[in-house]
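Here is the structure we will look at, set down as structure tokens.
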């Protein structure tokens, strides 16, 4: 998923998506060319768009869940990455300067030229790859050739280039400065508390340990499971999640709308560490339920044709084959309880090491000191910041 202030995975790639009726196949090719090469940028229109984005930022900053991820991205990623560049906190400062620069005709012309330069880079043939998903039988009944019209995607005066898209996984954009960078930040419009923790983990979607690790955390986080009882059941947080993200090479632990974030984090830590003991008890019913619910989630990724198309495209970025989801389901079904005991020490044991993991918290300003002290008492190394701008100035 992505948005105006959030790249989503594989952030160094831009995507133009068109959904067309088969009879508009040729028209769609023309639209792609016109959008990429023939649209006209004007200073007045740029100013309108910049102001619209700026006006949207205060609302974004009131979203505590979004801000806790944004702060984490700022801690994790290199300043040259798009994760950093599209952040609302960075964009607010950047766009304000842009408006000031466009106050003169010369400045406005320079901004438009800069945008044209960006467009020129993005639309170089060597930087473009075309992905088409369709019922070929229908298309072939309408058009004698499906490939010949594709030369019209780029203007005639530009030479086509045959090249593979350069895929950069998110983990290659990390700046691995480990240590006491964790932060508790106040946000005036936020009533609940949100926490995000990241820990180094699997970097490859084909890693043989991934299926077992997914089952491990599904066991803990499933409905009526250990974390549900200790966190949601006690009213400490509305929601929680633990998930590995191989494209980032990170393991995410999140707490959503926590009424007692210190208590919720303490319970999460206790539940996870309990499963790392040699004599840990794994309930067979919960184990089978975890595998079943996890398989359902994976199958649900392809619930309709549109989803299948997206999964097909993602398989290229993930460097996996087109049957990856089927393979993953098969691997999950073969996971045994004994495998869970073996996977914990390898990937989970260092989750609560403050020199390895990073933690960000967004809460009401009145709770900053209390939460900072409480989490530090649990072994973390949190620094407190009065507001988002203060955190941005010091951490980014």
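Looking at the stretch 345-369 only, could you name the residues that are outside any loop (DSSP other than H, G, I, E, B) and crowded, with 20+ Cβ neighbours inside 10 Å?
347, 358, 359, 360, 361, 362, 363, 368
Would a scan of the stretch 96-119 turn up a residue that is surrounded by 11 or more Cβ atoms within 10 Å (Cβ to Cβ) and within 26 Å of residue 312 (Cα to Cα)?
The answer is no; no qualifying residue exists.
Any idea which of (1) in contact with a strand residue (DSSP E or B) (Cβ under 8 Å, 6 or more places away or on another chain); (2) closer than 22 Å to residue 324 by Cα is the one residue 167 doesn't satisfy?
The number of the failed condition is (1).
I'm trying to understand the selection: among the residues of the stretch 315-338, which are touching a residue at least 60 places away in the same chain (Cβ under 8 Å) and closer than 20 Å to residue 203 by Cβ?
Hits for the stretch 315-338 are 316, 317, 318, 319, 320, 324, 328, 331, 332.
Can you name the residue in the stretch 136-152 that is touching a helix residue (DSSP H, G or I) at 6+ places or on another chain (Cβ under 7 Å) and farther than 27 Å from residue 45 by Cβ and is also surrounded by the fewest Cβ atoms within 10 Å (Cβ to Cβ) among such residues?
Out of the qualifying residues, it is 142.
Taking the conditions exactly as written (more than 26 Å from the chain's Cα centre (by Cα) and touching a residue at least 60 places away in the same chain (Cβ under 8 Å)), does residue 43 satisfy them or not? Full working, then the answer.
On the way: more than 26 Å from the chain's Cα centre (by Cα): yes; touching a residue at least 60 places away in the same chain (Cβ under 8 Å): yes.
The answer is yes for residue 43.
Select from the stretch 193-238 the residues that are touching a strand residue (DSSP E or B) at 6+ places or on another chain (Cβ under 8 Å), part of a helix (DSSP H, G or I) and over 20 Å from residue 351 (Cα atoms) and list them in ascending order.
Scanning the stretch 193-238 gives a single hit, 232.
Condition test on residue 268, is it at pLDDT 95 or above and either surrounded by 15 or more Cβ atoms within 10 Å (Cβ to Cβ) or in a loop (DSSP other than H, G, I, E, B) (or both)?
yes
The values are calculated or read from the model by the stated rules, or taken from the named source; none is laboratory data. All of these numbers come straight from a predicted model, not from anything done at the bench. FYI the Cβ positions are ideal-geometry reconstructions off the backbone, even for glycines, and counts take in every protein chain you see.
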